[in-house]
Every structure is written in C-alpha cells, then in structure tokens.
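The values are calculated or read from the model by the stated rules, or taken from the named source; none is laboratory data. On a predicted model such as this, the values are computed, not experimentally measured, just so you know. Note that we place each Cβ from the backbone using ideal geometry, even for glycine, and neighbour counts take in every protein chain shown.
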Amino acid sequence: MMARMSTPLQTLQRVFGYPAFRGQQEAIIEHVLAGHDALVLMPTGAGKSLCYQLPALLLPGLTVVISPLIALMQDQVDSLAQLGVEAAYLNSAQDWKVAEGIERKAIAGALKLLYVAPERLLQGRFIDLLDQLHARGDLALFAIDEAHCVSQWGHDFRPDYLQLSTLHERYPEVVRLALTATADRSTQDEILRQLQLPAEHVFISSFDRPNLRYLVQEKNQPRTQIMNFLRRHQGQAGIIYCQSRNKVDELSAWLCTQGVAAMAYHAGLDASTRAAHQRRFIAEEAWIMVATVAFGMGIDKPDVRFVIHLDMPASIEAYYQETGRAGRDGDEAEVLMLYGLQDVVLQARRIEDAASEAPRKAVERHKLEALLAYCESAGCRRVALLAYFGEQAAPCGQCDTCLDPPEVWDGTEAARKALSAIYRSGQRFGSLHIIATLRGELSEGVKKHGHQHLSTFAIGQELDERGWRNVLRQLLAAGLLYANPEHHGALALTPLARPVLRGESRIHFRRAALRRREESVKASPLQPGEQELFERLRSWRRQEAQKLGVPPYTLLHDKSLRELAQHKPRQRAALLSIYGVGSSKAERFGDEVLRIIEDFLRARG
C-alpha cells in the first residue's frame with residue numbers, strides 16, 4: 001500500500017493511473033487531510049468518490065463510507081480491488097459468516113475502506129466495532145455518500161440518514177465528508193443542518209455535464225420516437241425510464257420483438273430477477289435497461305451512452321440525477337425526454353394525492369413547474385438547466401434548441417380563447433374536453449354538459465388537437481393555468497390569467513418542431529487500424545472480466561483502451577502514461593496488453 005508520506009498527486013498517479021486532478025478534487029482532498037469536515041457537490045462523472053478514496057490511502061486507520069446502495073458498494077469494492085486497495089462492504093444481503101469475517105479484517109487493520117448502509121451503521125454491533133477502532137485511534141474518516149438522502153424535501157429521502165448526526169456526537173474529532181451530485185439551495189441547507197456540518201466548508205463544482213447532449217420532444221407516437229433514437233445507438237448501453245411498472249413491462253417486451261436487447265427492472269419483480277438483470281446490465285456492454293426510478297441510483301457503469309425518459313420525471317433534480325447516469329466516462333452521450341400534457345396532470349395529481357403536509361406539496365409543485373418551464377423553454381437546454389442550480393452558462397450549441405431553434409409566435413389570441421373556454425365551462429374539465437369545445441367537436445362530454453351552446457364552442461378551429469395541447473401545456477408552464485386536484489386535475493385559471501384575458505398583456509409560445517436534427521453522437525474517432533486494435537483489446541477485456549467475475553470497466557475504461565490503441569506502447573513503463581493505468585493494473589495486466597499490441601503490429605507488418 002502507498003506510504004503515508006506520499007503526496008496526493010503521487011498517489012493519484014501511481015494507484016489510480018490519472019495524470020492530474022480534476023476541478024476541485026485536490027482542494028477537497030487537502031481539506032480532508034488537514035482534518036476538516038466538508039460538504040461536496042459535484043456532478044456525476046466528475047470524480048466524487050476519489051475525494052474520499054484517495055485520503056483513505058493516506059490517512060492512518062479505516063475510512064467508513066456510508067451509502068444506501070448495495071450495487072454501488074459492490075461496484076466500488078470491485079474497482080478498488082483492481083487497483084490493489086483493500087476494501088470491503090457490509091450489507092443485509094450477506095451471509096453472517098461473511099459479514100463476521102469482514103468485521104474481523106476491519107478490527108485487524110487489514111482494510112482501508114469499509115462501505116456500509118446507514119441502517120447497519122447505527123446497529124449496536126457495528127457501533128461496538130467503531131468504538132474499538134476509535135479507542136485505538138484507527139477511525140480515519142466518515143464519507144457520507146448520496147448526502148441528499150437526508151433531505152425530507154428531496155426526491156430520495158431516506159429516514160436512516162437523519163440519524164447520521166450521531167457520528168458527530170459520538171466521534172466529534174473524526175472528519176466527515178458529505179457528498180452528493182444533486183442538491184438545490186434548500187437541500188444544501190438541510191444537509192448542513194441535519195448533519196451539523198459547517199456552512200463555510202462547502203465545495204460546489206459546476207453542475208455542467210458538457211459531454212451530455214440534451215433533447216426534449218413533445219410525446220407524439222412515443223414508440224416510433226424511441227426507435228428513431230435507438231437507431232443512432234445500436235450496440236450501445238442505455239437506460240429508458242418509465243413512470244409505471246406496466247409501462248416498463250410492455251415497453252421492454254415490445255423492444256425485444258423489434259430485435260433490441262432490452263430487460264425490465266422495477267420493484268414488482270422478484271429480487272433474484274432484479275439482481276440478475278442488474279448484473280447483466282453492468283457486466284455486458286450493449287444492453288438496454290427499461291426501468292422505473294427504482295433502478296440506477298448508485299450504478300457506476302461508465303459506458304452508458306444514452307438515457308431516455310418516456311415520461312416526464314418529478315423534478316429537475318430527479319431529471320438531472322437520472323440523466324447523469326449517461327456518459328460517466330466523459331465520452332459523449334445523449335439524453336432524451338418525451339413529455340406531454342397528460343404527464344403534467346398525472347404528476348400534479350401525484351403530488352396532491354401524496355400523504356404530505358402542505359409545505360412539502362408547495363415545494364413539489366414549484367419543482368414540477370420549474371421542470372415544465374425547462375421543457376417549454378425556447379432557449380438553450382444547458383443554460384436553463386444550470387440556471388436552476390444557480391449557475392450561469394453560455395449556449396452549448398449542441399442541444400436540440402441550439403441546433404434547431406424553435407419558432408416563437410404571438411399566442412395571445414389563442415391563449416384568450418383557451419382561457420375563456422376553461423372559465424366558461426366552470427374550470428372543472430380536462431384538456432380533451434376543452435380542446436373538443438374549442439374545435440367544435442360534439443364529443444360525449446360536450447353533449448352531456450351542453451357545452452355546444454357556450455359562446456366559446458368552435459371558436460378555435462384554426463388549430464388542430466396537437467396545436468391546442470401545445471397551447472394548454474405552455475399556459476401551464478407560464479403559470480396561467482394549474483391542474484386542480486379537487487377536480488381530478490381539471491384545468492383552472494390562476495390570477496396571472498386575468499391580464500391576458502382582458503387584453504392587457506400579450507403572450508408568446510414556442511411552436512412545436514415538426515423535425516429535429518438527429519446527428520449521431522460518437523466517441524473520440526479512431527483511425528481504421530486503431531479501431532481494429534481497440535476491438536481486440538475490448539474483446540480481451542471482456543474475456544478477462546468474465547474470468548474474474550467483475551464488470552469489464554473495472555479493469556480498464558474505454559478511454560484507456562482508446563489511448564492504448566492510439567499510442568500503442570511497447571514497454572511496461574510506457575503503460576503508466578495511459579489514462580487509468582496505475583501501477584497495480586500495469587503489474588497485473590501489462591504483459592497481456594503489450595502482447596496484444598505486439599501481435600497486432602506484427603500482423604500488420
């Protein structure tokens with residue numbers, strides 16, 4: 001193991017194989033090594049885990065990592081093992097003899113990192129273990145991962161996280177590092193308060209994920225939209241999120257009939273099926289997981305090339321975290337959201353039907369409105385997304401609205417017609433009824449309620465059904481309408497509608513795009529010969545990973561394989577200049593990698 005006198009940079013290069021720190025990593029690590037607590041906000045894929053893994057190698061004693069995610073624990077322990085780092089995890093799925101053996105290794109000082117779930121951390125047996133380590137001065141650091149789970153206002157609240165303040169009370173001199181990729185200002189404040197962390201020790205990295213290309217489309221023949229998207233990502237791994245279990249089952253089955261390698265994941269499947277599907281997704285390179293949000297948190301698969309939301313998520317935080325599962329290796333990836341008026345109504349109804357108190361419902365309504373405004377924005381997606389997190393940015397030039405700016409039109413008269421129809425029908429009906437009234441269609445509902453006799457009947461024949469859905473959705477986004485929970489999500493006016501109705505103010509809408517540019521997203525280009533060598537190395541990696549029983553990316557990332565294919569090192573020492581190849585990996589895999597390169601070069605003369 002690395003000597004304690006080594007510097008953080010030396011440890012980074014020798015153990016992890018990275019040439020330099022990124023962003024605030026070095027400042028955070030030096031802060032922790034100096035004995036200070038901190039809260040770290042860093043986007044997915046920016047190297048959060050290094051901020052506690054590297055100090056764990058330089059500090060005497062054990063670093064305890066608190067994580068709610070069994071998959072993440074196993075994944076990180078597998079990855080650390082490939083680096084020659086002694087790490088283990090404890091969770092409820094383990095046999096008691098296995099757990100007992102790990103506890104003995106921790107007591108004996110044979111581990112540098114121990115991952116544990118928050119509910120296990122505070123059990124008497126584990127507290128006794130911590131007390132023994134603490135009494136010897138062998139408790140180095142508490143790393144609290146996914147720290148946003150402490151927030152009762154957040155989308156991933158875990159009650160066990162509220163008890164983590166016990167760590168500070170029981171072991172006040174042990175450094176605590178709380179980390180999250182997703183937290184708006186109110187969530188940050190709650191993390192600091194609940195965990196009793198100093199407000200002046202907060203490291204906030206940019207929320208920007210420049211390698212992600214954001215696409216948002218109105219939901220219109222969603223299966224066709226998904227297949228058009230997937231054609232650009234053949235042979236690549238991705239995730240498709242759906243709001244319901246039924247949708248997951250139906251879509252995954254249908255994709256298989258279309259020749260797409262797809263699996264389902266949701267809480268309704270038995271545990272063994274979920275575990276098998278998750279293992280296959282992580283271990284293999286081209287599967288698509290169709291899932292509810294029960295899947296993905298803590299999945300550290302770096303080569304996910306796309307994420308699709310078939311339905312609108314609950315908030316921008318949820319959207320940011322779920323899209324953040326794409327492109328964790330830094331290569332380009334695409335994220336697509338399909339949304340419609342019905343999604344907005346269903347999410348609004350979900351908020352009102354929840355057994356939450358009024359203040360929390362108000363927060364969730366605000367978050368939903370912010371997400372809808374993001375969807376309907378005529379400007380750059382990246383600018384709008386980062387603005388939500390309080391960050392300024394220039395237009396990205398690669399999202400859908402940058403590549404194909406939507407046309408904006410004066411929708412004042414259309415808005416007045418829609419608002420009048422809603423008002424005159426009593427503000428007790430949904431969008432289909434309002435659209436039928438505006439278009440002069442004698443639907444059963446219109447006839448039943450006699451709305452063919454209203455003055456607003458047939459005044460909106462200039463727009464088709466899709467056009468009126470677009471208008472109603474943007475009126476919701478602009479805050480002139482809301483989905484009234486007392487009438488099952490019926491459309492109702494807000495005070496902001498009055499000036500428009502009276503002709504005192506004008507409103508502009510974005511016109512729904514009929515066509516969008518659909519350039520494919522590719523990783524760094526390789527020359528034909530380099531591509532052939534890359535594929536040989538990738539095949540070797542797959543076979544080696546199968547023998548070791550670990551995911552391929554824990555051996556070497558695609559970025560490492562591309563650099564090997566481009567630079568073609570011929571000696572062991574030269575391997576250390578390749579991204580992600582530290583001393584342990586060079587020692588274990590170097591001879592085989594050099595042999596593959598040598599055979600390739602010899603075959604080409």
* Asked: Do any residues in segment 227-249 that are surrounded by fewer than 17 Cβ atoms within 10 Å (Cβ to Cβ) have Cβ atoms under 7 Å from those of residues that are aliphatic (A, V, I, L, M) and not in a helix (DSSP H, G or I), where the two are at least six apart or on different chains, and which pairs are they?
  -> Gly235/Ala286; Asp249/Ala264
* Asked: Residues in segment 290-339 that are aromatic (Phe, Trp, Tyr) and out of contact with any strand residue (DSSP E or B) (no Cβ under 8 Å at 6 or more places or on another chain): how many?
  -> 1
* Asked: Give me the pairs: first residue in segment 136-149 and closer than 17 Å to Asp189 by Cβ, second residue of a type in the set (Gly, Ala, Ser) and not in a strand (DSSP E or B), beta-carbon distance under 9 Å, and six or more apart or on different chains, which are they?
  -> Ile144/Ser67; Ala147/Ala183; His148/Gly154; His148/Ala181; His148/Ala183
* Evaluate the following for Leu179: is it of a type in the set (A, V, I, L, M, F, W, C), touching a residue at least 40 places away in the same chain (Cβ under 8 Å) and closer than 28 Å to Ala326 by Cα? => yes
* Asked: Looking at this structure, is Glu486 acidic (Asp, Glu), assigned by TED's automatic domain parsing to the domain that holds Ala415 and modelled with pLDDT of 90 or more?
  -> no
* Asked: Out of all the residues in segment 378-392, is one or more touching a Pro at 6+ places or on another chain (Cβ under 9 Å), touching a residue at least 60 places away in the same chain (Cβ under 8 Å) and not in a helix (DSSP H, G or I)?
  -> yes
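Every residue, every condition in (1) part of a loop (DSSP other than H, G, I, E, B); (2) of a type in the set (Ser, Thr, Tyr); (3) over 30 Å from Leu386 (Cβ atoms), yes or no:
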{"site": "Asp75", "(1), (2), (3)": "no, no, no"}
{"site": "Lys97", "(1), (2), (3)": "no, no, yes"}
{"site": "Arg125", "(1), (2), (3)": "no, no, yes"}
{"site": "Leu141", "(1), (2), (3)": "no, no, yes"}
{"site": "His148", "(1), (2), (3)": "no, no, no"}
{"site": "Phe157", "(1), (2), (3)": "yes, no, no"}
{"site": "Glu169", "(1), (2), (3)": "no, no, yes"}
{"site": "Ala178", "(1), (2), (3)": "no, no, no"}
* Hey, any hits in segment 264-278 for a residue that's out of contact with any Pro (no Cβ under 6 Å at 6 or more places or on another chain) and at positive phi? -> no
* Asked: Hey, among the residues in segment 537-555 that are more than 18 Å from Tyr579 (Cα to Cα) and basic (Lys, Arg), which one's surrounded by the most Cβ atoms within 10 Å (Cβ to Cβ)?
  -> Arg542
* Structure fact -> Requiring at least 1 residues that are under 16 Å from Phe509 (Cβ atoms), the helices (runs of 4 or more DSSP H) wholly within segment 411-474 are 412-424, 431-439
* Asked: Out of all the residues in segment 1-30, which are surrounded by 13 or more Cβ atoms within 10 Å (Cβ to Cβ), over 30 Å from the mean Cα position of the chain (by Cα) and at pLDDT below 90?
  -> Met2, Ser6
* **Of all residues making up segment 331-376, the number that are free of Cβ contacts under 8 Å to residues at least 60 places away in the same chain, of a type in the set (Gly, Ala, Ser) and under 19 Å from Leu476 (Cα atoms)** => 2
* **Contacts under 8 angstrom Cβ, first residue in segment 114-131 being within 13 Å of Val65 (Cα to Cα), partner among the aromatic types (Phe, Trp, Tyr), 6 or more apart** => Leu114/Tyr89; Tyr115/Tyr89; Val116/Tyr89; Val116/Phe126; Pro118/Tyr161; Arg120/Phe126; Leu130/Tyr171
* Asked: Of the residues in segment 112-123, how many are assigned to a loop (DSSP other than H, G, I, E, B) and either modelled with pLDDT of 95 or more or crowded, with 23+ Cβ neighbours inside 10 Å (or both)?
  -> 1
* What are the residues in segment 184-225 that are assigned to a helix (DSSP H, G or I), touching a helix residue (DSSP H, G or I) at 6+ places or on another chain (Cβ under 8 Å) and crowded, with 16+ Cβ neighbours inside 10 Å, if any? -> Thr187, Glu190, Ile191, Gln194, Leu195
* Residue that is farthest from the chain's Cα centre (by Cα) [pool: residues in segment 457-478 that are surrounded by fewer than 21 Cβ atoms within 10 Å (Cβ to Cβ) and either basic (Lys, Arg) or farther than 15 Å from Thr412 by Cα (or both)] -> Ala458
* To do: Could you grab me the full set of residues in segment 257-275 that are out of contact with any strand residue (DSSP E or B) (no Cβ under 9 Å at 6 or more places or on another chain) and either surrounded by 11 or more Cβ atoms within 10 Å (Cβ to Cβ) or under 26 Å from Gln234 (Cβ atoms) (or both)?
  => Thr257, Gln258, Gly259, Ala267, Gly268, Leu269, Ala275
* To do: Residues being in contact with a Gly (Cβ under 9 Å, 6 or more places away or on another chain) and not aliphatic (A, V, I, L, M): count how many of those fall in segment 83-111.
  => 2
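Per-residue answers, yes or no, for (1) at pLDDT 90 or above; (2) within 27 Å of Lys219 (Cβ to Cβ):
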site: Lys447; (1), (2): yes, no
site: His453; (1), (2): yes, no
site: Arg466; (1), (2): no, yes
site: Asn470; (1), (2): no, yes
site: Ala497; (1), (2): yes, yes
site: Gly503; (1), (2): no, no
* Asked: Ser165: assigned to a helix (DSSP H, G or I) and within 24 Å of the chain's Cα centre (by Cα), yes or no?
  -> no
